[in-house]
Amino acid sequence: MDKEILWDELKFEIGSIEGLNGKNKSILLGSGNKEGKILFIGEDTDLYISEDLKVANGSAGEFLLKLCDIVDIEPDDYYITTLTKSSYKYRELVEREQNQLRELLDMQIALINPKLIVAMGEDVGKVLLNREVNFLRERGKVQEWQGDIKLVLTYDADFAKKSRDDGGRKSKVALEFWNDLKTAKEEIKK
């Protein structure tokens, strides 16, 4: 079956989840190269505003793209998505809807088949690893995930951006986020 048909089916299935089909809520599966080696998964609705890596000025998405550029992670190397593919937060949904999204996220990951997933934020890490995470101990470390896919847990991009805005260039969180992106870059070179 053609991958584009599967992407269309994925979007339809996500759009049919009861908690996501509210008024003025559009479904956007993600942004970037659907065959990228890195899959960034966050929960921040400001990570992208279109499928072609368009981001709002001053957003967490702009911050992420700038850091990827500095670290020399090319746009062809990554795809960015969120847990809900909408402006809803994952924790705002009921368990049944969360489980549906988790299954559809697995389908999206299978379609992309990245070499590495960068889980941005503790909540995203919990969803992907299907367990509690010790964020301070696990952050920045490359973990085996499923199949040949590896995972790096890092800060939520918006949290890292705000930490940098508040603490300046020497913000510990922003520096660790940047180092985690460098780890991701090194991992896809292997």
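Observations on the model:
- The residue that is farthest from Asp158 (Cα to Cα), counting only those in region 112-126 that are charged (D, E, K, R) and touching a residue at least 40 places away in the same chain (Cβ under 8 Å), is Lys115.
- Residues located in region 147-190, provided they are of a type in the set (D, E, K, R) and touching a residue at least 12 places away in the same chain (Cβ under 8 Å): Asp148, Lys150, Asp156, Asp158, Lys161, Arg164, Glu176, Asp180, Lys182, Lys185, Glu187
- Qualifying residue in region 36-49 (condition: surrounded by 15 or more Cβ atoms within 10 Å (Cβ to Cβ), touching a Leu at 6+ places or on another chain (Cβ under 7 Å), modelled with pLDDT of 85 or more and among the charged types (D, E, K, R)): yes
- Failed condition for Asp69, given (1) of a type outside the set (A, V, I, L, M); (2) assigned to a helix (DSSP H, G or I); (3) touching a residue at least 60 places away in the same chain (Cβ under 8 Å): (3)
- The strands (runs of 3 or more DSSP E) falling completely within region 91-190 that include 1 or more residues that are modelled with pLDDT of 95 or more, within 28 Å of Gly58 (Cα to Cα) and not acidic (Asp, Glu) map to 116-120, 150-154.
- Any pair with Cβ under 6 angstrom, 6 or more apart, that starts in region 128-146 at a residue that is within 19 Å of Asp106 (Cα to Cα) and surrounded by 10 or more Cβ atoms within 10 Å (Cβ to Cβ) and ends at one that is among the hydrophobic types (A, V, I, L, M, F, W, C) and at pLDDT 95 or above: Leu128/Ala119; Gln143/Leu151; Trp145/Leu151
The values are calculated or read from the model by the stated rules, or taken from the named source; none is laboratory data. These numbers come from a predicted model, not from an experiment. No Cβ is skipped: glycine too gets one built from the backbone with ideal geometry, and neighbour counts run over all protein chains shown.
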